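Below is one structure; the comments refer to it alone.
What follows is calculated from the coordinates using simple rules that are stated; it is not laboratory data. Quantities reported herein were computed from a predicted structural model and do not represent experimental measurements. So basically every Cβ, Gly included, is an ideal-geometry build from the backbone, and we count neighbours across all protein chains shown.
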Amino acid sequence: MKTRILFIALIFSFLTTKAQDIPIGQWRVHVPYNRAIGVKVMGDEVYCLTTRSLFIYDRKTGEVETISKLDGLSGNLFSALGYNESQKCIIIGHEDGAIDLIKNDEIINVSDIKNAEVVNVKRINRIVCRGKYAYLCCEFGIVAFDVEKEEVRDTYRLPVNVWDLTTDDTNFYAATDEGILYVAQNAPLIISPESWVQMEIPDSGRCVAINYWKEKLVYYFEGTKNVYTQTPLKDDHTVLKNIGNPSGGKLDITVSNNQLLLSANRNVFIYSESYQSSKTISEVHLGDTTRTTNPTQAFHIGNNQYFIADNSLGLLFINSMNPVAGEVIQPNGPYSHRSFNMTTDGTKVWIASGGHTDLWAKWWTRDGFYCFDGYSWTSFNSSNGTLSGEILDISNITVHPQNKDIIYLGTWGNGLVEIKKGEAPKIYNSTNSPLKKRCEAPDQGEFVAGVAFDSKGVMWVANSNSSNVLLTCDKT
């Protein structure tokens, strides 16, 4: 199935964007653009994939184009991004196994893995391109996809989850839950799991990232947190770096423009000439502010300039290394995909991100709340300093009917929060109001399931799992 791409251009800033008029009856997608998981550069176009969105930055014009399911993508739960240079094709992997190609100004949906009945978990972990092929790393093995013909060529079925793949001139090397497996690229029975051999390595357990640079394999093991280098099939391994716990539990090893880039644990480690010396990007100056990076993948474009997929800031452009400085490139959107409750005051839409699990337990979310005024989104949370970090699990949100500058947040465990414009938030709980805790056990606070106003301006509060189930307060 092929769908012509409809691009929507946005002129953006970090927090606001100009409105896009849409016809009556047409849908519009509102997704977060900050949790980036992959970045690829194709000429002047920079593709950035987040867990819920895809956008393109034009380096010449400075414009941003967003692409969504409404434009032809298979869905909006993304897991991997690849770029096949020989075919000038962007490849997008989904959590459910769907594949999207952006090729010759078309979106091409491929559903072979998604519709397969022989596997349960179909998530695409990584996309590695060589020649005209894209190799899709999955829980059931590796799918060799012919990008030129737009079809699956082979499936290399393996009995372990495959996280990453690389090659030298002779072999494939797969990073798996059980170490590294390798096979000759011209093996006649490459599709058979018996053809793949366990490589002797200094570690055991889950290997989640691997690449090949300067005649050595570079790979990362979750157990010891070590990044190793090793000549393929030789016993000469050395520890390149101890990473610790990578952000999000994963690490990316990318080679671009003759540099080795390790993205993990709030750092990009840069090896530009050898395995002996490196530079590090850990903080970036953004005008008058400095932010800690949370990188998931990096790409070197030359002249000490980098594009970084950041799990907090979206797409980062690093244009200076001494000091490290750059800019955030991100379309305007809500802070998070979480949306448990919403309301409107007639001019704005307000979203509460928190809530509770199906078993009525806490989520422990700090995504805060956000509002949309018809033009742009504004988010309030501890990450951008607009909301205290102690306010968790906002389950409902209400605007005072006579004063739109007063917002009430019902939380699942932190009581009722009153926010007045220009004032610090006020928290009502069992110490200063009739609200009651569920019980006196640790982490069992005041659970507010709902807040509403009647026609006389009286506020009604549902205090879940307490002796005071329903409370009133005159807020006129």
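Sequence-distant contacts, meaning Cα pairs under 8 Å at least 6 residues apart, place the relative contact order of the chain at 9 percent.
Past the 33 angstrom mark, what percentage of all C-alpha to C-alpha distances in the chain do you count?
Value for the chain (Cα pairs over 33 Å): 45 percent.
For the listed residue pairs Lys103/Lys149; Lys88/Lys132; Lys348/Lys426, the alpha carbons are over 18 angstrom apart in Lys348/Lys426. Please report the base-10 log of the normalised intensity I(q)/I(0) for the stretch 245-344, using a Debye sum with one equal scatterer per alpha carbon and no solvent, at each q in 0.12 (1/Å). Once normalised to I(0) and log-transformed, intensities are -0.41. Computed on the stretch 341-474, with alpha-carbon pairs under 8 angstrom and 6+ residues apart, the relative contact order is 16 percent. The mean sequence separation of alpha-carbon pairs under 8 Å and at least six residues apart, normalised by the residue count of the stretch 316-411, gives a relative contact order of 23 percent.
Treating only the Cβ atoms of Lys and Arg (+1) and Asp and Glu (-1) as charged, compute the dipole magnitude of the chain about its Cα centre; round to the nearest 20 debye. Working shown, then result.
Working: 44 positive and 53 negative charges, 189 e Å.
In debye, rounded to 20, the chain gives about 900.
Quickly estimate the mean residue ellipticity at 222 nm for the chain, helices only: each DSSP H run with n ≥ 4 gives -39500 (n - 2.57), and the total goes over all residues, rounded to 500. Before the final figure, lay out the partial values.
On the way: 1 runs with 4 residues, N = 476.
Value at 222 nm, helices only, nearest 500: 0 deg cm²/dmol.
For the pair the stretch 417-461 and the stretch 338-413, the centres of their Cα atoms are 14 angstrom apart. Cross-link partners for Lys69 among the aspartates and glutamates, with Cα-Cα distance under 17 Å and sequence neighbours closer than 8 places in the same chain left out: Glu95, Asp96, Asp100, Asp105, Glu106. The residues neighbouring Asp168, those whose beta-carbon lies less than 14 Å from its own, together hold a net charge of +2 under the Lys/Arg +1, Asp/Glu -1 convention.
What is the projected area of the convex hull of the Cα atoms of the stretch 341-474, averaged over all directions, in nm²? Numbers along the way, then the final one.
Values: hull surface 33.4 nm².
If you wrap the Cα atoms of the stretch 341-474 in a convex hull and average its projections, you get 8.3 nm².
Treating each Cα of the stretch 130-191 as one equal point scatterer and applying the Debye formula with no solvent, the log10 of I(q)/I(0) at q = 0.16, 0.25 Å⁻¹ comes out as -0.47, -1.14.
Strictly greater than 18 Å: what percent of every Cα pair in the stretch 49-133 meets that?
Details: 1557 of 3570 pairs.
Across the stretch 49-133, Cα pairs with separations above 18 Å total 44 percent.
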